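Each value in this text was obtained by applying a stated rule to the coordinates, not by laboratory testing. Please read all numbers here as calculations on a predicted model, not as lab measurements. Cβ: placed from backbone, ideal geometry, glycine included. Neighbour counts: every protein chain shown.
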Amino acid sequence: MGGPKELDLAIIGAGPGGVQVALTLGEIKRRTGANFSYRILEQTDAPGAFFTRFPVHGQLISNNKLYTGRDPKSRFSERYDWNSLITDDRAVLTRGFSREFFPRREVIPAMLANLCERYAVPVTYNVGVTKVARDCGAFLVESEEGPIVARYVVAATGLKPWTAPIPGIELTTPYAAMKPREHYRDKRVLIIGKGNSGFECAKDILNEASIIMLASPSPARLAYQTHYVGSVRNTNAILVENYQLKHQAALLNCMIRQITRAKSVYQATVAYTNAQNEVETLEFDEVIAATGFTGNLDTVTDSIGLSRLHGKFPEIDGMFQSRAIPGLFFAGALTHGPDYRLFSSSGFIHGFRYNSMILARHLAEMLGANEPRSRIAPDDLSGHLLEDFEEDAGMYLQPGHIGRCYRRTGNGTWIDLGHQTRQWYQEQPIDDDTLLLATLEYGDIHSFPNALQIPRYPGDPDRSAHIHPVVRLRGPDGSKELNLEENLLNRYIQIPANRLRLEPLLSS
């Protein structure tokens with residue numbers, strides 16, 4: 001028998017995060033002629049297996065906006081297409097598989113399969129990975145087709161349902177196993193969890209159940225208030241209105257102390273957080289546990305010690321590399337730790353596709369594929385930046401987390417480093433050169449009680465609360481930061497004061 005198979009890079013998981021890494025690597029490899037080996041190992045028989053099960057009721061909450069006034073393949077239109085992966089030619093877009101603003105979940109596996117076939121993505125199906133371990137400076141990947149030795153590993157294994165540690169929760173129906181809506185007809189239903197999955201369950205049975213209550217320790221977070229796409233989206237949030245209008249619905253802020261079963265009813269003992277911890281036992285005909293998701297890290301945590309952020313995600317640096325295990329990288333929703341519940345979107349395709357592209361470019365460089373960087377004359381950079389602020393999708397969809405990065409050389413020329421994370425920018429050593437990071441960011445919108453009544457301060461960009469350009473410089477003489485003025489339609493070139501503020505900073 002021969003020894004283990006060898007790869008430069010093993011990618012575990014053919015979800016959208018892993019496939020985007022492979023797509024970008026393939027494009028770099030074709031452009032540079034570099035010789036490195038990489039492969040996706042997928043345990044099921046097709047890409048995007050997560051989306052064959054979730055969301056349980058089928059409707060995605062990620063936008064598929066068809067008409068933007070621009071070419072659907074443009075960078076600008078990419079801002080409003082939240083499901084497509086990114087390729088140089090943009091030949092495969094979600095709009096080719098669905099015309100719905102919120103597509104059905106089946107669209108994602110179909111799109112991924114088309115991408116893998118069209119771009120000859122090297123993926124092996126029906127090969128589960130059972131263990132990843134360090135081995136003499138490399139990684140030993142134990143798989144169902146035998147051992148693989150890889151210089152680098154990308155874990156793109158996505159999320160899995162999380163069960164809250166509530167006594168008696170094993171008696172309930174998990175979100176993933178929710179019954180057909182007719183089963184809940186004229187029944188009193190308790191749903192544990194006030195995230196999108198819990199509200200999605202409530203929406204499905206809204207016209208069937210007699211009483212619906214959603215329970216969790218914290219109040220529901222609504223996306224229009226938080227500006228975080230993982231908060232409850234309005235398409236799922238009809239129960240909030242039903243509760244406020246007293247329509248046999250309730251949102252309970254409480255600790256669930258215990259769930260028991262007594263004959264044909266469930267009894268839930270709750271301690272209310274908004275009522276001096278009053279304790280009450282409520283009776284229901286059905287209880288559904290929709291307590292959210294956590295990182296699916298089983299293949300790496302059993303053999304490699306990983307610290308976690310928020311108890312869900314691996315702790316990573318600005319290159320999406322494990323802080324504890326050099327050479328182990330993460331893609332897809334597993335990259336959401338640094339920006340969890342912030343304004344950016346690394347838990348979702350429209351956010352982590354840019355993370356995956358950044359990761360692929362770093363990996364390609366580590367594997368010897370160095371592409372030439374564009375150079376920008378000093379007098380041209382301000383116009384270049386303002387155009388990016390108006391057109392670029394990565395900084396728009398990952399505000400404050402991902403920006404366009406540039407390095408100034410000794411002769412004043414700027415080298416375009418492409419998209420980078422703000423974390424990477426902050427971690428880079430500074431010698432004689434200067435680094436610039438251009439981002440789009442929100443101000444302190446949470447200081448305003450009404451998210452729909454946030455004031456503007458024309459002519460005073462330092463007080464901008466809505467999304468607006470921010471430029472940072474790091475050099476031998478220290479750091480500088482500049483805010484530019486916000487605009488209703490994110491059109492920044494038409495504001496003369498923006499260029500007047502920007503140019504002195506760039507020449508400093």
**OP:** Mind grabbing the base-10 log of I(q)/I(0) for the chain at q = 0.07, 0.09, 0.13 Å⁻¹? Debye formula, identical points on the C-alpha positions, no solvent, two decimal places.
**Re:** -0.43, -0.70, -1.33
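Provide the packing ranking of 309-322, 452-465, 94-107, i.e. peptides ordered by the mean count of other C-beta atoms within 10 Å per residue, highest first.
On the way: 309-322: 19.2, 452-465: 13.0, 94-107: 17.1.
The packing order, highest mean first, is 309-322, 94-107, 452-465.
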**OP:** Could you name the lysines whose alpha carbon sits less than 27 Å from that of Lys263, not counting residues in the same chain fewer than 8 places away?
**Re:** Lys179, Lys187
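What FRET efficiency comes out for the pair Lys187/Thr409, r = Cβ-Cβ distance, R0 = 51 Å, nearest 0.05? Walk me through the numbers on the way to the answer.
Details: r = 69 Å, r/R0 = 1.35.
In this case the efficiency is close to 0.15.
Which entries of Lys160/Lys194; Lys160/Lys203; Lys5/Lys29; Lys73/Lys203 have Cα-Cα distances beyond 25 Å here? Please report the intermediate quantities before stating the final value.
Working: Lys160/Lys194 17 Å; Lys160/Lys203 22 Å; Lys5/Lys29 21 Å; Lys73/Lys203 34 Å.
Beyond 25 Å: Lys73/Lys203.
Counting pairs of Cα atoms in segment 375-506, how many percent are more than 27 Å apart? Walk me through the intermediate numbers first.
Values: 1479 of 8646 pairs.
Roughly 17 percent, once rounded to a whole number.
I want the antiparallel fraction of DSSP beta bridges within the chain, as a percent rounded to 5. If you can, show how the numbers build up before the last one.
On the way: 61 of 94 bridges.
Just about 65 percent of them are antiparallel.
Only helical DSSP H runs with n ≥ 4 go in: add -39500 (n - 2.57) per run for the chain, normalise by residue count and round the 222 nm mean residue ellipticity to 500 deg cm²/dmol. Don't skip to the answer; put the middle values down first.
Details: 12 runs with 107 residues, N = 508.
It comes out at -6000 deg cm²/dmol, rounded to the nearest 500.
List the equivalent ellipsoid semi-axes of segment 1-154 in whole Å, largest first, each obtained as the square root of 5λ for an eigenvalue λ of the Cα gyration tensor.
Details: eigenvalues 204, 71, 24 Å².
Gyration-tensor ellipsoid for segment 1-154: 32, 19, 11 Å.
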Subject >> Dipole of segment 169-291, positive end: most advanced residue of Ile238, His227, Ile211 [Cβ charges, Cα centre] >> reply: His227
Subject >> Extended-chain gain in nm, criterion 0.36 nm per residue less alpha-carbon gap, Tyr457 and Arg30 >> reply: 148.8 nm
Original post:
Ordered by packing density, taken as the mean number of other Cβ atoms within 10 Å over each peptide's residues, highest first, how do 356-363, 475-482 rank?
Top reply: 356-363, 475-482
Original post:
Hey, if you put +1 on the Cβ of every Lys and Arg and -1 on every Asp and Glu Cβ in segment 417-490, which of Tyr425, Leu488, Leu473 ends up farthest toward the positive end of that dipole?
Top reply: Leu488
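Across segment 198-245, how large is the tail of the calculated P(r) beyond 15 Å, expressed as a percent of all Cα pairs? Mind showing how you got there, number by number?
Details: 499 of 1128 pairs.
Looking at segment 198-245, the distances longer than 15 Å represent 44 percent of pairs.
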**OP:** Run the dipole for the chain about the Cα centre, Lys and Arg Cβ at +1, Asp and Glu Cβ at -1, nothing else charged, and hand back the magnitude in debye, nearest 20.
**Re:** 760 debye
